[in-house]
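The values are calculated or read from the model by the stated rules, or taken from the named source; none is laboratory data. These numbers were taken from a predicted model, which means no experiment stands behind them. Here the Cβ is made from the backbone with ideal geometry for all residues, glycine too, and neighbour counts use every protein chain on show. Areas reflect the complete protein model, heavy atoms only, side chains present, ligands, DNA and RNA absent. Shrake-Rupley method; radii C 1.70, N 1.55, O 1.52, S 1.80 Å.
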Amino acid sequence: INAEYMGKKVAAARAEKRRQDLKNREIVRRYYKYKRYYRAEKNDLANKKEHAKLSGNYYVPPEPRVAFVIRIRGIMDVPPKPKKILQLLRLRRIFTGVFVRLNKATLNMLRLVSTYIAWGYPSQKMISKLIYKRGHGKVGNNRKKLDNEVVEKVLKKQKLICIEDVIYQIATCGKHFREVNRFLWPFRMTSPAGGLKPKRKHFIEGGSFGNREEYIDKLMQKMM
């Protein structure tokens, strides 16, 4: 009986090891697949800009589909409507950040709370850095540090098994963006080194609030 039990235990351990090996190989395969995709997108954009320049035109890239939004003001003197919108965006605390899919409705929400937030269009590289460094996921009602096991546990139904899958869905506004973004816990950023510029002035006026487009990368870097 003991020999039979031990035999089953050894066989189960071997099967589990094979399963883990296959999963690890799949994770590596996806990593290089996504890396090739990002490189191809970057090269395609550069080629289009160069072609337009040679033709005497100006290339206008597609409208960004994803923004990163950071709350930069606290709870004092927030009117009910902006307060409700900040709650819907999951920005309940100062210096928390979330990804937002951009459409007519969300752009209108951002406009209504623009004086309380700094936002813009993060690069894939910055999205990756943020998720690896400060990413946490929602497991039940608990906040868990992101790793491949946590991702697979929650997003297995979407066939997402690793952090690179999460980054890809966010960076490309993929078909599982909604599920992935709901899974990600709002990012807890730090107060930026050197402090913020005047919070009640727009970014283009030398302040901090509002849309800073691709310059959001610099703020994200300072708050990590």
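Quick check on my filter: what residues within the stretch 64-102 are touching a strand residue (DSSP E or B) at 6+ places or on another chain (Cβ under 9 Å) and in a loop (DSSP other than H, G, I, E, B)?
Pro64, Arg65, Ile72, Arg73, Leu89, Arg90, Leu91, Arg92, Arg93, Ile94, Phe95, Leu102
Taking only pairs six or more apart or across chains, which ones have beta-carbon atoms under 7 Å, a first residue in the stretch 26-43 that is among the aromatic types (Phe, Trp, Tyr), and a second residue that is modelled with pLDDT of 95 or more and surrounded by 10 or more Cβ atoms within 10 Å (Cβ to Cβ)?
Going by the 7 Å Cβ cut-off, the qualifying pairs are Tyr31/Glu164; Tyr34/Glu164; Tyr34/Tyr168; Tyr38/Gln124.
Mind telling me which of the residues Lys48, Lys23, Lys35 ends up being closer than 30 Å to Phe177 by Cα, in contact with a Phe, Trp or Tyr (Cβ under 9 Å, 6 or more places away or on another chain), part of a helix (DSSP H, G or I) and among the charged types (D, E, K, R)?
Lys48
Tell me the residue from Leu160, Leu155 that is out of contact with any Ser or Thr (no Cβ under 9 Å at 6 or more places or on another chain), surrounded by 20 or more Cβ atoms within 10 Å (Cβ to Cβ) and free of Cβ contacts under 8 Å to residues at least 24 places away in the same chain, please.
Going through Leu160, Leu155 in turn, the sole match is Leu160.
Just wondering, is there one or more residues in the stretch 186-197 that are part of a helix (DSSP H, G or I), modelled with pLDDT under 95 and over 18 Å from the mean Cα position of the chain (by Cα)?
No, every residue in the stretch 186-197 fails to be part of a helix (DSSP H, G or I), modelled with pLDDT under 95 and over 18 Å from the mean Cα position of the chain (by Cα).
Take the residues in the stretch 212-224 that are under 19 Å from Pro186 (Cα atoms) and in contact with a Leu (Cβ under 8 Å, 6 or more places away or on another chain), then tell me which one is modelled with the lowest pLDDT.
The selected residue is Met224.
Only one of these is over 24 Å from Gln124 (Cα atoms), open to solvent by less than 100 Å² (accessible area, probe 1.4 Å) and among the basic types (Lys, Arg): Lys23, Lys48. Name it.
Criteria check complete, one pass: Lys23.
Just one of Pro122, Pro61 is open to solvent by less than 100 Å² (accessible area, probe 1.4 Å), in contact with a helix residue (DSSP H, G or I) (Cβ under 7 Å, 6 or more places away or on another chain) and either assigned to a strand (DSSP E or B) or more than 20 Å from Lys222 (Cα to Cα) (or both); which is it?
Testing whether each residue is open to solvent by less than 100 Å² (accessible area, probe 1.4 Å), in contact with a helix residue (DSSP H, G or I) (Cβ under 7 Å, 6 or more places away or on another chain) and either assigned to a strand (DSSP E or B) or more than 20 Å from Lys222 (Cα to Cα) (or both) leaves just Pro61.
Residues Ile127, Ile131, Ile117: which one is open to solvent by less than 20 Å² (accessible area, probe 1.4 Å) and under 27 Å from Lys84 (Cβ atoms)?
It is Ile117.
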